[in-house]
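Beneath this line is the structure, given in structure tokens, with notes to follow.
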Amino acid sequence: MGGEIGYRRGVILVFAAAVLWSLMGLAIRLMGDAGTWQVLFYRSLGLVPVLFVVIWHRSGGLPFARIRKAGWPGLVGGTGLVFAFSGAIFAIQTTTVANAVFLFAAAPLMTAVMAWLLLKEPVRPATWGAIALAGIGMFVMVREGLAIGAGIGNLAALLSSVGFAAFTITLRWGRLGDMLPAVLIGGTLSILVAAGVIAARGESFALPLRSIGIAMLMGVVLLGLGMAIYTAGSRVVPAAEIGLLSMAEVMLSPVWVWLFLGESASAGTFAGGAVLLTAIGLNAATGMRHRPPPLTV
């Protein structure tokens with residue numbers, strides 16, 4: 001409803017979402033020893049109502065019709081987000097934030113290849129080059145972290161990457177519709193899956209009020225607002241560039257936990273981050289000459 005979203009604005013929205021998501025590792029650390037499924041449950045409880053309000057506004061007061069309109073892309077994308085959300089939380093809890101986000105960064109590479117294979121979407125040579133440069137930067141950032149052998153956390157991070165790549169592809173698949181309902185579906189499925197796992201394991205839903213508050217704020221602000229602006233921007237930015245812009249999260253996440261919690265971040269982290277930001281900036285600059293036509297929403 002109302003307004004035109006062009007390439008430049010789309011880039012800004014996707015980048016801003018990545019900045020919000022970069023705070024996720026810090027927030028999860030602040031929750032202490034809360035379990036993965038408890039974090040997912042309460043975070044999703046904060047996420048779903050916010051998304052429903054946004055969808056209600058965007059649909060002119062017809063949210064359920066908009067949700068149904070998402071169809072199979074919405075269901076597939078939402079399912080992908082369950083894997084993305086749970087895998088990311090577990091990875092951050094079982095390895096360093098720097099190591100986890102390095103592996104999250106496999107998502108843009110998976111997204112670019114999936115878009116090329118499934119959607120026949122062309123990828124600019126400059127974008128391939130920028131992805132390669134960014135990959136070098138991220139390797140420099142966390143090579144020390146990979147040496148610690150946190151295998152299960154690494155696998156969880158890769159699973160999260162696959163889930164988020166699947167979600168991104170569904171945004172391109174259904175680009176003429178509002179794909180924010182896919183996030184709502186993902187949040188709803190996350191509540192159900194997390195509650196089922198907690199109950200099946202005989203665990204408790206009880207957490208300190210501070211931890212519940214942090215989890216709910218993650219859902220409302222970091223994920224709710226982040227996903228709302230990401231889904232808006234992603235409609236006008238090619239999939240490979242979306243993934244590359246989102247990698248700003250990789251550079252910032254280790255910085256936040258280092259600044260506020262003293263979690264180690266090596267000189268390599270900052271050197272690699274500089275390379276990463278250079279790749280993002282160069283890709284955005286060259287992409288300005290290849291922006292797709294704006295969409296009216």
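The values are calculated or read from the model by the stated rules, or taken from the named source; none is laboratory data. The model shown is predicted, which means the values in this text are computed figures rather than measured ones. Please note: Cβ atoms are built from the backbone with ideal geometry, for glycine as well, and neighbour counts cover all protein chains shown. Just so you know, the surface numbers come from the protein's heavy atoms only, side chains and all, with ligands and any DNA or RNA stripped out. Shrake-Rupley method; radii C 1.70, N 1.55, O 1.52, S 1.80 Å.
Look through G25, G87, G60, G10 and report the one residue that is closer than 17 Å to L180 by Cα, of a type outside the set (A, V, I, L, M) and either part of a helix (DSSP H, G or I) or touching a Gly at 6+ places or on another chain (Cβ under 7 Å) (or both). Show your work before the answer.
Values: G25 fails: closer than 17 Å to L180 by Cα; G87 fails: closer than 17 Å to L180 by Cα; G60 fails: either part of a helix (DSSP H, G or I) or touching a Gly at 6+ places or on another chain (Cβ under 7 Å) (or both).
Within the list G25, G87, G60, G10, the selection yields G10.
State the number of residues belonging to the range 53-78 that are open to solvent by 30 Å² or more (accessible area, probe 1.4 Å), in contact (Cβ under 8 Å) with a residue 60 or more places away in the chain and under 22 Å from A215 (Cα atoms).
The total comes to 1.
From the list V19, V50, V14, which residue is of a type outside the set (D, E, K, R), under 16 Å from F167 (Cβ atoms) and in contact (Cβ under 8 Å) with a residue 40 or more places away in the chain? Step through it out loud before you land on a result.
Values: V19 fails: under 16 Å from F167 (Cβ atoms); V50 fails: under 16 Å from F167 (Cβ atoms).
Result of the check over V19, V50, V14: V14.
Taking the range 119-129 as the region of interest, how many residues are at pLDDT 80 or above and within 20 Å of the chain's Cα centre (by Cα)?
Residues in the range 119-129 being at pLDDT 80 or above and within 20 Å of the chain's Cα centre (by Cα): 0 in total.
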